[in-house]
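Asks: The structure's right below; bear with me while I get my questions together.
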Amino acid sequence: MHGTNITMLLESKLRGESLQLLRKLGELADERGVDAYVVGGVVRDLILGVPTFDLDVVVEERGEEFAEAAAVRLGGSVKAHTRFGTAIMGVPGSGKVDVATARSEVYERPGALPVVTPGRIEQDLERRDFTINSMAVKINAGEFGRLLNLHGGYDDLTKRGVLRVLTERSFEDDPTRILRGVRFAARFGFTLEAETEQLLRQAVAEDRLTTVSGERIANEIVLILGEPEPWAPVERLATWGILDAIVAKWTVPPEAEATFVEIGRLASDGPADGGEAETWRVHFLAMLEPADRSVRNMIVDRLNAGRRIRTLVLELARFEDEARALLASDARVRDSTLHRTLRRYSPELLEFCRARWRGTPVAERVARYVTELAHAATSLAGGDLVALGVRQGPAVGEILAKLLEARIDGAVASREDEIALATKLARELDEGNKS
Ligand code: CTP
């Protein structure tokens, strides 16, 4: 498949707007006397027939200069410059194009960001992670659609179904590729080619991940948890000791599979009344919950997690300490107690609890809260109480809380019922104050 032309594939698989855009970028490249290519994941997905939206283009000149010229020509805008010669171009109606300078990369230190110098497309493809991600398609008008398949990626993708690194040093140079490898293998149902698997395991055993920043590791974990079926990659992270290499003693036991499956099922039911849970965060709780508290804290620190993840981890501990026993008990639990107990938790924590303790009273009670009680509300508002003669101040809040309890437990069913109860409560409060 070297030198093959895949124009027909581009024409059948790309959206019309993207195809037109690539042709126009190819014409511009001709005028500027440079070679331009669409590269990486886009080419992989096109060959697999998976829909792709955003395009990655590499030019053999400074990417941001090419992008500026293209934006002027096509009425688009260049939104951001990222590292070395890379620009993100938006063209209305055609989506986003990353335009990068063809470059070679040298890793001076394992795990550090590479030293980058402009280069030819061949060098640019050589620096990539796996053969299936190392193909390019030329877009210059004269050779539009010519596939550059210099590392056997085409057969690895279409015939062998394997992930294969380009060099022995690949995982050492960029240990995030350990996590990327696990993610792509699971996503495509591929195996790791034997030597690649051995190199990956060796990089884990040599603790190569210790040189990678928390943010980069966290970013890869988020991508894994965003896959449609994250259990397979998570299981591999656990069984291959990759989690343990990130934080000692971090593992996820096989029993967690059922929790992951249930989270997927709940997510496909659509948002519950308790609000929409972000599914990757729910999965993250499932990865974290089996660990001891001290390990959980180390994970959060190692990943340099932001406030929302830290809050989630605190919520989990609070649930375990303050709510779980009550929800698991055989005793009757009033709806208002359920409401008071669970209203303080995020949709993510609640969804996790339903999945983790599925088939038990904990899950049943959380489900009852989420589907029936979360949106309970009184008919009367604070202003109505004041109009009924309640003095402005703490009394209003107290009475509203009692009205809500009564609503939830079914002790009042109408606005009139609430007015009667509010009047009685106000009188009692007044009398209490006098005595
Ligand atoms: N790449 C790499 N090593 C990395 C990250 C990226 O070699 N650590 C290269 C690969 O060629 C990859 C391309 O950069 O195809 C773009 O990377 P990215 O956008 O992260 O991934 P995609 O391959 O597009 O995959 P996804 O579908 O997950 O976005």
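The values are calculated or read from the model by the stated rules, or taken from the named source; none is laboratory data. Fair warning: this is a prediction, and the values are worked out from it, not measured in the lab. Cβ atoms come from the backbone with ideal geometry, glycine included; neighbour counts cover every protein chain shown. Side chains are part of the model used for accessible areas, which takes the heavy atoms of the whole protein and leaves out ligands, DNA and RNA. Shrake-Rupley method; radii C 1.70, N 1.55, O 1.52, S 1.80 Å.
Asks: Residue 45 fails exactly one of the following numbered conditions: (1) at pLDDT 95 or above; (2) more than 12 Å from the ligand (Cβ to nearest atom). What is the number of that condition?
Replies: Unmet for residue 45, out of (1) at pLDDT 95 or above; (2) more than 12 Å from the ligand (Cβ to nearest atom): (2).
Asks: Would it be correct to say that residue 218 is in a helix (DSSP H, G or I) and closer than 24 Å to residue 367 by Cβ?
Replies: no
Asks: Which of (1) open to solvent by 60 Å² or more (accessible area, probe 1.4 Å); (2) of a type in the set (S, T, N, Q); (3) without any contact (Cβ under 8 Å) to a residue 60 or more places away in the chain; (4) within 28 Å of residue 290 (Cα to Cα) does residue 167 not meet, given it meets every other one?
Replies: Of everything listed in (1) open to solvent by 60 Å² or more (accessible area, probe 1.4 Å); (2) of a type in the set (S, T, N, Q); (3) without any contact (Cβ under 8 Å) to a residue 60 or more places away in the chain; (4) within 28 Å of residue 290 (Cα to Cα), residue 167 misses just condition (4).
Asks: Of all the residues that make up segment 303-321, how many are outside any helix (DSSP H, G or I) and either surrounded by 14 or more Cβ atoms within 10 Å (Cβ to Cβ) or of a type in the set (A, V, I, L, M, F, W, C) (or both)? Quick ask: steps written out before the conclusion?
Replies: Looking only at segment 303-321, we keep the residues that are outside any helix (DSSP H, G or I), and these are 303-306.
Going one step further and asking which of them are either surrounded by 14 or more Cβ atoms within 10 Å (Cβ to Cβ) or of a type in the set (A, V, I, L, M, F, W, C) (or both), we end up with 303, 305.
Of the residues in segment 303-321, 2 are outside any helix (DSSP H, G or I) and either surrounded by 14 or more Cβ atoms within 10 Å (Cβ to Cβ) or of a type in the set (A, V, I, L, M, F, W, C) (or both).
Asks: When the residues of segment 226-242 are filtered to those that are surrounded by 18 or more Cβ atoms within 10 Å (Cβ to Cβ) and without any contact (Cβ under 8 Å) to a residue 40 or more places away in the chain, which remaining residue is farthest from residue 298 (Cα to Cα)?
Replies: 231
Asks: Now for a separate question. Restricting attention to segment 137-157, which residues are assigned to a loop (DSSP other than H, G, I, E, B) and touching a strand residue (DSSP E or B) at 6+ places or on another chain (Cβ under 8 Å)?
Replies: The first filter runs over segment 137-157 and keeps only residues assigned to a loop (DSSP other than H, G, I, E, B), leaving 139-140, 144-145, 149-152.
Once the filter is applied, which keeps residues that are assigned to a loop (DSSP other than H, G, I, E, B) and touching a strand residue (DSSP E or B) at 6+ places or on another chain (Cβ under 8 Å), segment 137-157 yields 139, 140, 144, 145.
Asks: Can you find even one residue in segment 20-37 that is in the same structural domain as residue 131 (by TED's automatic domain parsing), surrounded by 14 or more Cβ atoms within 10 Å (Cβ to Cβ) and closer than 28 Å to residue 171 by Cβ?
Replies: Taking every residue of segment 20-37 in turn, at least one turns out to be in the same structural domain as residue 131 (by TED's automatic domain parsing), surrounded by 14 or more Cβ atoms within 10 Å (Cβ to Cβ) and closer than 28 Å to residue 171 by Cβ.
Asks: Among the listed residues 259, 311, which satisfies the condition of being in contact (Cβ under 8 Å) with a residue 24 or more places away in the chain, touching a Lys or Arg at 6+ places or on another chain (Cβ under 7 Å) and of a type in the set (S, T, N, Q)?
Replies: 259
Asks: Taking segment 170-190, which residues are among the aromatic types (Phe, Trp, Tyr) and open to solvent by less than 10 Å² (accessible area, probe 1.4 Å)?
Replies: 171, 184
Quick grid of which residues meet (1) free of Cβ contacts under 8 Å to residues at least 60 places away in the same chain; (2) under 20 Å from residue 263 (Cα atoms):
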| site | (1), (2) |
| --- | --- |
| 285 | no, yes |
| 288 | yes, yes |
| 292 | yes, no |
| 304 | no, no |
| 316 | yes, yes |
| 320 | yes, yes |
| 330 | yes, no |
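Asks: Any residue in segment 289-302 that is open to solvent by 60 Å² or more (accessible area, probe 1.4 Å), within 17 Å of the chain's Cα centre (by Cα) and small (Gly, Ala, Ser)?
Replies: Looking for residues that are open to solvent by 60 Å² or more (accessible area, probe 1.4 Å), within 17 Å of the chain's Cα centre (by Cα) and small (Gly, Ala, Ser), one finds none in segment 289-302, hence no.
Asks: Report, by residue number, each residue of segment 191-225 that is open to solvent by 10 Å² or more (accessible area, probe 1.4 Å), within 27 Å of residue 47 (Cα to Cα), more than 10 Å from the ligand (Cβ to nearest atom) and touching a residue at least 40 places away in the same chain (Cβ under 8 Å).
Replies: 222
Asks: For segment 158-180, name all the residues that are within 12 Å of the ligand (Cβ to nearest atom) and either in contact with a strand residue (DSSP E or B) (Cβ under 8 Å, 6 or more places away or on another chain) or not in a loop (DSSP other than H, G, I, E, B) (or both).
Replies: 163, 165, 166, 170, 171, 173, 176, 177, 178, 179, 180
Asks: While we're looking at this one, here's another question. Please go through segment 52-95 and give me each residue that is farther than 22 Å from residue 148 by Cβ, open to solvent by less than 70 Å² (accessible area, probe 1.4 Å) and in contact (Cβ under 8 Å) with a residue 40 or more places away in the chain, ordered by number.
Replies: Hits for segment 52-95 are 69, 74, 91, 93, 94, 95.
Asks: How do the pairs read when you match residues in segment 117-131 that are closer than 21 Å to residue 177 by Cα and not assigned by TED's automatic domain parsing to the domain that holds residue 104 with residues anywhere that are within 12 Å of the ligand (Cβ to nearest atom) and assigned to a helix (DSSP H, G or I), using Cβ under 8 Å and keeping only pairs 6 or more apart or on different chains?
Replies: Listed pairs, sorted by first residue: none to list.
Asks: Check 143, 105, 122 and return the single one that is near the ligand (Cβ under 10 Å from one of its atoms) and either under 20 Å from residue 61 (Cα atoms) or open to solvent by less than 20 Å² (accessible area, probe 1.4 Å) (or both).
Replies: 105
Asks: Further question: Please go through segment 16-50 and give me each residue that is part of a loop (DSSP other than H, G, I, E, B) and in contact (Cβ under 8 Å) with a residue 24 or more places away in the chain, ordered by number.
Replies: 34, 35, 40, 49
Asks: So which residues in segment 340-376 are among the β-branched types (Val, Ile, Thr), assigned to a loop (DSSP other than H, G, I, E, B) and at pLDDT below 95?
Replies: none
Asks: I've got another one for you. Being of a type in the set (D, E, K, R) and farther than 17 Å from residue 140 by Cβ is the filter here; which residues of segment 32-64 pass it?
Replies: Selection gives 44, 45, 54, 62, 64.
Asks: Contact list please: Cβ distance under 8 Å, first residue in segment 381-398 and more than 17 Å from residue 414 (Cα to Cα) and open to solvent by less than 50 Å² (accessible area, probe 1.4 Å), second residue in a loop (DSSP other than H, G, I, E, B) and not hydroxyl-bearing (Ser, Thr, Tyr), pairs at least six apart or on different chains.
Replies: 396/390
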